[in-house]
Amino acid sequence: MLNEASGIAQTLKYLTANSSPKNIHEILIVDGGSTDNTVIIAQQNGAKVIHSAKGRAKQLNYGAKNAKGNILYFLHADTLPPHDFDQSIIDAVANDHKTGCFQMKFDSNSNFLSFFAWFTRVNHELCRGGDQSLFITKQLFDSSGGFNEDYVVYEDNEFIGRLYKSTFFKILPRHVKTSARRYEERGMVKLQYHFGMMHLKNYLGAGPEQLYDYYKRKISV
């Protein structure tokens, strides 16, 4: 997390209300140096906060390293999983699905975004992304090497691409709901086009530095 004070309380309260304490060993917030009240608010709402060097891959790996549970569930701060998501994940692992994700919907009535969200039900690595969340056994995470910290962006796609090559990736038949705020702020068609271009560049062999350069020039401005 980084500077999510405006929404972290809502997310944490939602997670507590939609899961069972017998299944959730801990909720870890990996803070990358927030300068707002993110840390205080997270602690007030039952999360354990740990501090990491800034960077999504670094923060994700640090969280996994410090996690005590034997199943890891990575979730973006602006994404809400379905009710009883914890039991759905436990059942999947019990059925020998060591990693996977949920399908996704946006918190928007946009037909354009609904069209692209529909494809998250397709079990192909091209249809994956961090907004869909990710569950994985601690054992598989460790043996796979975790997230590649050379990637400042696209780290989730790169990691999931490796998982697709080494094991079966399970798509759970329920949906997380993620924020459409970036699309609404930057233009839906424009942003989706640039995300598509990053997939294409990766397919054509672009490395982490090239992908980050494109992201800085086209998306993060």
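The values are calculated or read from the model by the stated rules, or taken from the named source; none is laboratory data. Note that the structure is a prediction, hence the values are computed from the model and not measured. Every residue, glycine as well, gets a Cβ built from its backbone with ideal geometry; the counts of neighbours run over all protein chains shown.
Scanning the range 174-185 for residues that are assigned to a loop (DSSP other than H, G, I, E, B) and touching a strand residue (DSSP E or B) at 6+ places or on another chain (Cβ under 9 Å) turns up at least one hit.
What are the pairs, 6+ residues apart or on separate chains, where a residue within the range 195-210 that is closer than 14 Å to Glu155 by Cα has its Cβ under 7 Å from a residue that is in a helix (DSSP H, G or I) and at pLDDT below 95? Final answer for the pair search is His199/Leu126. Listed by first and then second residue, the pairs linking a residue in the range 166-185 that is under 9 Å from Cys101 (Cα atoms) and charged (D, E, K, R) to a residue that is part of a loop (DSSP other than H, G, I, E, B) and modelled with pLDDT of 95 or more, with Cβ atoms under 8 Å apart and 6 or more places separating them unless they lie on different chains, are Lys170/His97. Yes or no: Asp86 exposed (fewer than 14 other Cβ atoms within 10 Å of the Cβ) and closer than 29 Å to Ser34 by Cβ? For Asp86, the condition - exposed (fewer than 14 other Cβ atoms within 10 Å of the Cβ) and closer than 29 Å to Ser34 by Cβ - is not met.
Across the range 133-159, the qualifying residues are those that are within 15 Å of Pro208 (Cβ to Cβ) and among the aliphatic types (A, V, I, L, M), and the one among them that is surrounded by the fewest Cβ atoms within 10 Å (Cβ to Cβ) is Val152. Scanning the range 41-83 for residues that are touching a strand residue (DSSP E or B) at 6+ places or on another chain (Cβ under 9 Å), among the β-branched types (Val, Ile, Thr) and more than 22 Å from Ala180 (Cα to Cα) yields Val49, Ile50, Ile71. Evaluation of Leu12 against the conditions (1) of a type in the set (A, V, I, L, M); (2) surrounded by fewer than 17 Cβ atoms within 10 Å (Cβ to Cβ); (3) not in a loop (DSSP other than H, G, I, E, B) shows that the sole unmet condition is (2). Given the criteria among the basic types (Lys, Arg), in contact with a helix residue (DSSP H, G or I) (Cβ under 8 Å, 6 or more places away or on another chain) and over 30 Å from Arg217 (Cβ atoms), does Lys105 qualify? No; evaluated as a whole, the condition is false for this residue. State whether one or more residues within the range 104-112 are at pLDDT below 95 and within 12 Å of the chain's Cα centre (by Cα). Within the range 104-112, none of the residues are at pLDDT below 95 and within 12 Å of the chain's Cα centre (by Cα).
Only residues that are over 19 Å from Ser133 (Cβ atoms), assigned to a helix (DSSP H, G or I) and either at pLDDT below 95 or within 16 Å of the chain's Cα centre (by Cα) (or both) were counted across the range 35-57, and they come to 0. Taking every residue in the range 17-45 that is more than 14 Å from Gly69 (Cβ to Cβ) and in contact (Cβ under 8 Å) with a residue 40 or more places away in the chain and pairing it with any residue that is surrounded by 13 or more Cβ atoms within 10 Å (Cβ to Cβ) and of a type in the set (Asp, Glu), at least 6 positions away or on another chain, the pairs with Cβ-Cβ distances below 9 Å are Asn18/Asp84; Asn18/Asp86; Ala42/Glu4; Ala42/Asp31. Evaluation of Gly130 against the conditions (1) within 22 Å of Ser220 (Cβ to Cβ); (2) crowded, with 20+ Cβ neighbours inside 10 Å; (3) of a type outside the set (Val, Ile, Thr); (4) at pLDDT 95 or above shows that the sole unmet condition is (4). Exactly one residue out of Lys68, Lys54, Lys98 is surrounded by 14 or more Cβ atoms within 10 Å (Cβ to Cβ) and under 20 Å from Phe147 (Cα atoms): that is Lys98.
Evaluate the following for Ser6: is it modelled with pLDDT of 95 or more, outside any helix (DSSP H, G or I), exposed (fewer than 14 other Cβ atoms within 10 Å of the Cβ) and among the small types (Gly, Ala, Ser)? No. Among the residues of the range 17-32, those identified as surrounded by 14 or more Cβ atoms within 10 Å (Cβ to Cβ) and of a type outside the set (A, V, I, L, M, F, W, C) are Asn18, Ser19, Asn23, Asp31, Gly32.
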